[in-house]
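Coordinate-derived values only; no laboratory data. If you're wondering where the values come from, they're calculated on a predicted model, not measured in any experiment. We place every Cβ from the backbone using ideal geometry, glycine too, and count neighbours over all the protein chains shown.
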């Protein structure tokens, strides 16, 4: 999906919500089959119930890999099931030497047909560039993550120099453009969001950490939204586990609707 | 596999060679079936031909993921096929927030039953620790990688402060021990190897980059070997693609034998 289409979808649907399908076999509602097939059914019902309120789905590959080859099949079948109107993110956090990154890019962009893949920057240019070589596909580079451990290394260089997460962003501008590169910025890093936005005014941000992880939607959006919106805010557990009963999909839809209404309001207020 | 057994295997087999199964469907010898099954057959023949000359196998997950669910099956079946006497590394370079890292750990340590997984440090403590919680399993943390792009971020902080790759090593000593933590150190980073060895005298290093990537075995071993050996040196392409003919396995075995003989010599000279 190209940038123009993504922006158009956000504006038409009045939502920049990304629903995170971190679908855990051990957390399925008890009426569903406790098997990879049960996960697929869970995903399909969640997608049916939430598609009108979101513009993207993010599949956390770990939850599928933990199920072995059938998990990988569920990953593929879930991606196939997502409507073509929605942006699909493989949240895989890959990154390796050049020829290996090319293999990962093929796995996610060609074999699975995702629109985007999250990539870890530690190994530098030749680990990231192979992902950027695919037309109309996106690399979402980890910059400043939402977890506690982000403080261990991502701020290194802070006093003497600019911190690592900013170096990652600045360096990556030599590799890609705002048409094929986004950044992961945690919603829990509110103090940094505004500064990063001024650094890269035209790039999309993928923002996890709203909801279950503690970030506030309004605080995050105020600091990052642009006239082209420029953000995808992810919510996983809050939506997909809104209920553990037979009404899980309905309640997921209600939660997604509630978040998307807040988003629509913020879009009206801020742009 | 615990550390004592690994050291014993190295001393008995007089080899610290790790064979990298970066098995690419597009590079299979033409007489093999060009399918995931062909890759499995390729791996089995390589394993049969090289097992007596090596102590470990490293499976680069990208090459299997690129084949979709059947690739994942080949990954699982290859690991099953490797003799229990050999240390098995899933070269996956994973790392995510806590609950996701736990899922990856389950995928590689439980579902696939690998002994070790490579982990990217960018997201810090809670992204690494879940891997360390599994008994007799190993986390191999990326420190200083062999690729050109390693220069982009891994040396950050060099002048004012200690570089990122050293911070990663030092910080990780708070999370794990030399019984469950190893480091990836590229063979192309000869200048740094000795210094890192003095920093962590008892940890195992996984050293890729010898051979096709340009590192010299002798230079690397001289700087890193300890009385418990303490290193696994990986070779992938040089061994598995030693020949593209019907003799591919035989030639792979010959190449592995040649490298292991050099290793035995170095072990004799240096300890």
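Structural remarks
- The order of B:175, B:138, going from fewest to most other C-beta atoms within 10 Å of their C-beta, is B:175, B:138.
- Spatial separation of Cα centroids for segment B:209-271 and segment B:56-78, in angstrom: 23
- Short-range pairs are left out: with C-alpha atoms under 8 Å and at least six residues apart, the relative contact order of chain B is 22 percent.
- Length-normalised contact order of segment B:1-152 in % [C-alpha pairs under 8 Å, at least 6 apart]: 19
- Note: segment A:80-160, Cα convex hull, 114 Å³ per residue.
- With neighbour counts taken as other beta-carbon atoms within 10 Å, the residues A:31, B:86 rank, fewest first, as A:31, B:86.
- Beyond 29 Å, the tail of the calculated P(r) for the protein assembly as shown holds 51 percent of the Cα pairs.
- Per-copy distances of the residue A:250 label point, shortest first, in nm (7 angstrom along Cα→Cβ): 7.0
- Take residue A:216, move 7 Å from Cα toward the beta carbon, and the resulting point lies 6.1 nm from the same point in each other copy, nearest first.
- Teacher prompt: residue B:81 distances to equivalent labels in other copies, 7 Å Cα→Cβ, nm: 3.3
- Computed log₁₀ I(q)/I(0) - Debye formula, equal Cα scatterers, no solvent, chain B, q 0.07, 0.13, 0.16 Å⁻¹: -0.23, -0.82, -1.26
- Share, in percent, of DSSP beta bridges within the protein assembly as shown that are antiparallel, nearest 5: 5
- Inter-chain neighbour count for B:54-62: the average number of beta-carbon atoms from partner chains within 10 Å of each residue's beta-carbon is 3.
- Whole-angstrom Cα spans of segment A:57-114 along principal axes, big to small: 32, 26, 16
- Legend: mean number of C-beta atoms from other chains within 10 angstrom of residue C-beta atoms, peptide B:107-113, equals 3.
- Working value for segment A:4-155: equivalent-ellipsoid semi-axes of 25, 20, 16 Å, each the square root of 5 times a Cα gyration tensor eigenvalue, largest first.
- Looking at chain B, the DSSP beta bridges with both ends there are about 5 percent antiparallel.
- Over the Cα atoms of segment B:126-212, the radius of gyration divided by the Kirkwood radius equals 0.96; this is the Rg/Rh ratio.
- In plain terms, the residue of A:185, B:40, B:199 with the fewest other Cβ atoms within 10 Å comes first and the most crowded comes last, giving B:199, B:40, A:185.
- Kirkwood Rh and Cα Rg combined as Rg over Rh, evaluated for segment B:202-248: 1.10
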